[in-house]
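The values are calculated or read from the model by the stated rules, or taken from the named source; none is laboratory data. Every value quoted in this text rests on a predicted model; they were computed, and no experiment measured them. Every residue, glycine among them, receives a Cβ derived from its backbone with ideal geometry; neighbour counts consider all protein chains shown. The protein model used for the area step is the full one, side chains on, heavy atoms only, and it has no ligands, DNA or RNA in it. Shrake-Rupley method; radii C 1.70, N 1.55, O 1.52, S 1.80 Å.
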Amino acid sequence: MTADLFEAVPDVRASCEAMAEGAVLLRGFARPFESEIIAALRVIVAQAPFRRMFTPGGHQMSMAMTSCGSAGWVTDRSGYRYDGIDPNSGQPWPAMPPVFRVLAVQAAAGAGFADFAPDACLINRYAPGARMSLHQDRDERDFAAPIVSVSLGLPAIFLFGGPKRADKPKRYRLEHGDVVVWGGPSRLFFHGVAPLADGEHAVVGRQRINLTFRKAR
Ligand code: MD3
Ligand code: FE
């Protein structure tokens, strides 16, 4: 991380769009951080490779995941949870790189959430065809803390529902560098990702990577 990272942050007001109460889309907010994020990702993935986990119901997820930070998200036969240890290696998850933390904290602050202190960053990788079905994120202890998501690589159609599963989702195209802060009432809204369309991204290749920063514990 370099000092001029802080000076490279775009003016939040210029690219701010409200998706719902508490949900703020910051188009391109991660672009100034792009090369440092990708370099840091390579180091994380060397230590904690992407893996396709199984849900407690025995289904294998179509996207591959890993984590960094003091807690990572794990699913297996016994259920979903945050755990300090990567079950694949038996070691702690890789530390959260300073550039990740700076990006997440600045985005949260720009959306009105001062003092965001993420302890977990989930890293999802979508190959063409991979998807995420509608769900809520409820495994974190404190729903007052927002979730910050960062989209990298191929564009995805993000499905953004409401507080009830039956609420008809709105569709948003999330592109490389887009950041969304999900707080307030939207923190518990149902959401998902439509099957990823094939393509080639100039920097990230034939995939989409999504980072989500959370206060898990
Ligand atoms: C809205 N990931 O990891 S990021 C997830 O693109 C997840 O990989 C998706 O849903 C992805 O749980 C969507 C956007 C997102 C993340 C968390 C949310 C939207 C959210 C929590 C509450 C409401
Ligand atoms: Fe989610």
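Cα to Cα, under 22 Å, and not fewer than 8 places away if on the same chain: which lysines meet these conditions relative to LYS215? Result set, ordered by chain and number: empty. Each peptide in 182-191, 86-95 gets a packing score, the mean of other Cβ atoms within 10 Å over its residues, and the list from highest to lowest is 182-191, 86-95.
Charges were assigned to the Cβ only: +1 to each Lys and Arg, -1 to each Asp and Glu. The resulting dipole of the chain about its Cα centre is roughly 760 debye. Residues whose amide H comes within less than 5 Å of that of SER67, counting only those at least five positions distant or on another chain, are ILE123 (H built at 1.01 Å from N in the peptide plane). Of the chymotrypsin sites (Phe, Trp or Tyr not before Pro) found in segment 130-176, the ones in coil according to DSSP and having at most 16 other Cβ atoms within 10 Å of their Cβ are PHE143.
If packing is taken as the average count of other Cβ atoms within 10 Å, what order do 198-208, 51-61 fall into, highest mean first?
On the way: 198-208: 14.2, 51-61: 12.0.
In decreasing order of mean packing, 198-208, 51-61 become 198-208, 51-61.
For segment 54-112, trypsin sites (Lys or Arg not before Pro) are listed when DSSP marks them as loop and at most 11 other Cβ atoms sit within 10 Å of their Cβ; the list is ARG77.
How large, in percent, is the carbon and sulfur part of the accessible surface of segment 16-214 at a probe radius of 1.4 Å? Answer for segment 16-214 is 54 percent, counting heavy atoms of protein chains only. Shape call for segment 16-214 from the C-alpha gyration tensor, a ≥ b ≥ c root eigenvalues: rounded (a/c under 1.5), prolate (a/b greater than b/c) or oblate? The shape class here is rounded.
Using the 1.4 Å probe convention, the accessible area of segment 16-214 works out to 44 Å² per residue with neighbouring protein chains retained.
Counting helices only, and only those DSSP H runs with n ≥ 4, report the 222 nm mean residue ellipticity of the chain as the sum of -39,500 (n - 2.57) divided by its residues, in deg cm²/dmol to the nearest 500.
Values: 3 runs with 31 residues, N = 217.
Mean residue ellipticity at 222 nm (helix-derived): -4000 deg cm²/dmol.
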